[in-house]
Amino acid sequence: MENAGRAVAGETLAFLKERGVEPAQAKIVICCGRGANGGDGLVAARFLREAGVGVLVFLCPSKKDAGYPELARLNLQKASAAGVEWREAGPESGLAAALASCDAVLDALLGTGSSGKPAGAIHHMIQEINRSTKSVVAVDLPTGLHPDTGYHSGAYLTADLTLALGLPKKGLLAPHAKRFVGTLKILDIGYPPELIEEIAPK
């Protein structure tokens, strides 16, 4: 997760610079789910903050009485210690206002374990991001896109740049998914080369 977040932050910085936005002037909204994808986003938030980017994280609320999973909780603590500002997502969180003034959105809501139509707070964040029309950088795959088929269920984000971690998910390579995926980059997150060679699409 540390490798993934660092790589995502680096590519996000490059994405901004290609658009003439330097780190010290940049503002990024990072929308994070409760799972591993959200954990990647929290790590990226920390590295972006260290690079001088103005970062604001909106985190999907934890499940009642359950709190956040261990990895999300650990990386939230590290991000907070590094000075990353975060809020729980919701109608009064200020997401719409933050989106209006940001340079890009980092989508770390749902990853490869997701299926079905996004609901609740994640659905609300999808709607707000789509209304904002801001550029989206997706972590691993755009939220709402099925990792195996490349189809969506009606609530989804369209990315300008998708940063696949380690290997591209099958659905990202489907011709009909290209308009949702945007530019696809595969990030090296430390998988052994022999494993990549063994399972990479031929």
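One table, with the values for the structure above:
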| item | result |
| --- | --- |
| Conditions (1) in a helix (DSSP H, G or I); (2) under 17 Å from the mean Cα position of the chain (by Cα); (3) under 22 Å from Thr133 (Cβ atoms); number of the one not met by Lys17 | (2) |
| Selection within the range 157-172 - assigned to a loop (DSSP other than H, G, I, E, B) and at pLDDT below 95 | Gly166, Leu167, Pro168, Lys169 |
| Scope the range 100-115; condition closer than 19 Å to Leu16 by Cα and part of a loop (DSSP other than H, G, I, E, B); matching residues | Ser101, Cys102, Asp103 |
| Answer from Ser80, Ser62, Ser93, Ser101 - the residue that is at pLDDT 95 or above, more than 15 Å from the chain's Cα centre (by Cα) and not basic (Lys, Arg) | Ser101 |
| Checklist (1) touching a Leu at 6+ places or on another chain (Cβ under 9 Å); (2) open to solvent by less than 70 Å² (accessible area, probe 1.4 Å); (3) not in a loop (DSSP other than H, G, I, E, B) applied to Arg131, failing item | (2) |
| Qualifying position, being among the aliphatic types (A, V, I, L, M), in a helix (DSSP H, G or I) and free of Cβ contacts under 8 Å to residues at least 12 places away in the same chain, among Ala79, Ala97 | Ala97 |
| The range 173-186: number of residues that are open to solvent by 10 Å² or more (accessible area, probe 1.4 Å) and either aliphatic (A, V, I, L, M) or in a loop (DSSP other than H, G, I, E, B) (or both) | 5 |
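To keep it simple, each residue is scored yes or no on (1) free of Cβ contacts under 8 Å to residues at least 12 places away in the same chain; (2) open to solvent by 10 Å² or more (accessible area, probe 1.4 Å).
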residue	(1), (2)
Ala4	no, no
Ala7	no, yes
Ala14	yes, yes
Pro23	no, yes
Cys32	no, no
Leu48	no, no
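The values are calculated or read from the model by the stated rules, or taken from the named source; none is laboratory data. Computed from a predicted structure; not experimentally measured. Methodologically, a virtual Cβ is constructed for each residue, glycine included, from the backbone with ideal geometry; neighbour enumeration extends over all protein chains shown. With ligands, DNA and RNA removed, areas are computed over all heavy atoms of the protein, side chains included. Shrake-Rupley method; radii C 1.70, N 1.55, O 1.52, S 1.80 Å.
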